[in-house]
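Q: One structure coming up, written as structure tokens, with questions to follow.
The values are calculated or read from the model by the stated rules, or taken from the named source; none is laboratory data. Since the structure is predicted, the reported quantities are computational estimates derived from the model, not experimental observations. For neighbour counting, all protein chains shown are included, and Cβ atoms are generated from backbone atoms with ideal geometry for every residue, glycine included.
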Amino acid sequence: MTPWEKLRAARETLDKSRDIFRDFARDLYFPALRLSRWQRMRCTPVLFLVEFLVYRVDAVAEHTRDVELGADGNQDYQKLVRYKHRFAALLRRLGAYDDAVGHLLDQGERYVRLENRVTTCGTADHADVMRLVELRSSDLRLLHAMIYPLLGRPVDQRLLDVLWPVEVLADIGNDLAHYEQDVRTGNFNTYDALVRLYGPDAPQRLRDETARYERLFRERLDRFPDGQRAHLARLGLRRYRTRIDRIPQPVQSDGSEPSATKGSA
């Protein structure tokens, strides 16, 4: 890779990290937690840095599309494990680590390994597709979870749980917006994977899935007092509602299994 290409790749990563921080940390998690200006300033540098570093994991996945990571002795697998351990050590030094954060790092590893299995084997069933979209947004949940140790707060599991379907729906909405582009470039796309499985029935299959996640969001909202419930509903709907309203018509692809690279939310 030339110096110019490295600079361009770094700029693209910075832009993606900025967009994710803005859309989720600034516009969803901070207001959901009703953080003060000082609290937001305390969290912002660490959350932005972590989202930027998360994309280095994608580089491992990008270079191992044709290499199976399943074997523990595999060099690329060991590289992934070492990076995960260094990442956890950094979060500890930054005061942004607890058991919930550690669990999400494990979820991120599961995503990379499932993504790798799908790309190396060339097949994905319905359960694989939906598990990928659920795991792919682990980096978003990581931003949320880190706020608690950074501020010395106990984890609010109810809040983590209620925003989980919002994160999944936003990720699906992002795939819908990038569907045709992802088909052309061969990137993993939830909707494209369903088109490959179900053909013209894919739009309805996707509507069934988004309806299921929306029901889960509403059910979990019912656990909150009226005022907080309305506040969280507004935040959540703003994050995903318009993204999932329009489902494109399926397009004809070459029939090969798309690679499963991470998409920005």
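Q: If I ask for residues that are acidic (Asp, Glu) and more than 20 Å from the chain's Cα centre (by Cα), which ones from region 210-243 would you list? Explain how you work it out, then say what you get.
A: As a first pass, look at region 210-243 and keep what is acidic (Asp, Glu): 214, 219, 222, 226.
Within region 210-243, GLU219, ASP222, ASP226 meet the criteria.
Q: Pull up region 11-56, narrow it to residues that are touching a helix residue (DSSP H, G or I) at 6+ places or on another chain (Cβ under 7 Å) and small (Gly, Ala, Ser), then point me to the one that is nearest to LEU104 (Cα to Cα).
A: Selected residue: ALA25.
Q: Of the numbered conditions (1) part of a helix (DSSP H, G or I); (2) within 24 Å of ALA233 (Cβ to Cβ), GLN107 satisfies every one except a single condition; which is it?
A: Of the numbered conditions (1) part of a helix (DSSP H, G or I); (2) within 24 Å of ALA233 (Cβ to Cβ), the odd one out for GLN107 is (2).
Q: Within region 209-237, take every residue that is touching a residue at least 60 places away in the same chain (Cβ under 8 Å) and assigned to a helix (DSSP H, G or I) and give me the one that is nearest to VAL133 (Cα to Cα).
A: Applying the filter and picking the extreme gives GLU209.
Q: Specify the residue that is modelled with the lowest pLDDT; the eligible residues are those in region 249-265 that are surrounded by 14 or more Cβ atoms within 10 Å (Cβ to Cβ) and over 20 Å from the mean Cα position of the chain (by Cα).
A: So the residue we want is GLU257.
Q: Taking into account only those residues within region 132-157 that are among the acidic types (Asp, Glu) and at pLDDT 95 or above, which is nearest to the chain's Cα centre (by Cα)?
A: GLU134
Matching residues to (1) modelled with pLDDT of 75 or more; (2) farther than 26 Å from ASN116 by Cβ; (3) not in a helix (DSSP H, G or I):
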| residue | (1), (2), (3) |
| --- | --- |
| ARG18 | yes, yes, no |
| PHE21 | yes, yes, no |
| ALA32 | yes, yes, no |
| GLN39 | yes, yes, no |
| VAL46 | yes, yes, no |
| TYR77 | no, no, no |
| TYR83 | yes, no, no |
| LEU91 | yes, no, no |
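Q: So, in region 126-155, of the ones that are in a helix (DSSP H, G or I) and of a type in the set (D, E, K, R), which residue ends up surrounded by the most Cβ atoms within 10 Å (Cβ to Cβ)?
A: The selected residue is ARG136.
Q: Now for a separate question. In region 171-208, which residue that is polar (S, T, N, Q) and in contact (Cβ under 8 Å) with a residue 40 or more places away in the chain is farthest from GLN249 (Cα to Cα)?
A: Once the filter is applied, the top-ranked residue is ASN187.
Q: For THR123, work out the one condition from (1) touching a residue at least 60 places away in the same chain (Cβ under 8 Å); (2) of a type outside the set (D, E, K, R); (3) closer than 30 Å to TRP38 by Cβ it doesn't fulfil.
A: (3)
Q: Okay, moving on. Would you mind stating whether ALA193 is more than 15 Å from the chain's Cα centre (by Cα), among the aliphatic types (A, V, I, L, M) and modelled with pLDDT under 95?
A: Considered against the rule, which asks whether it is more than 15 Å from the chain's Cα centre (by Cα), among the aliphatic types (A, V, I, L, M) and modelled with pLDDT under 95, ALA193 comes out as yes.
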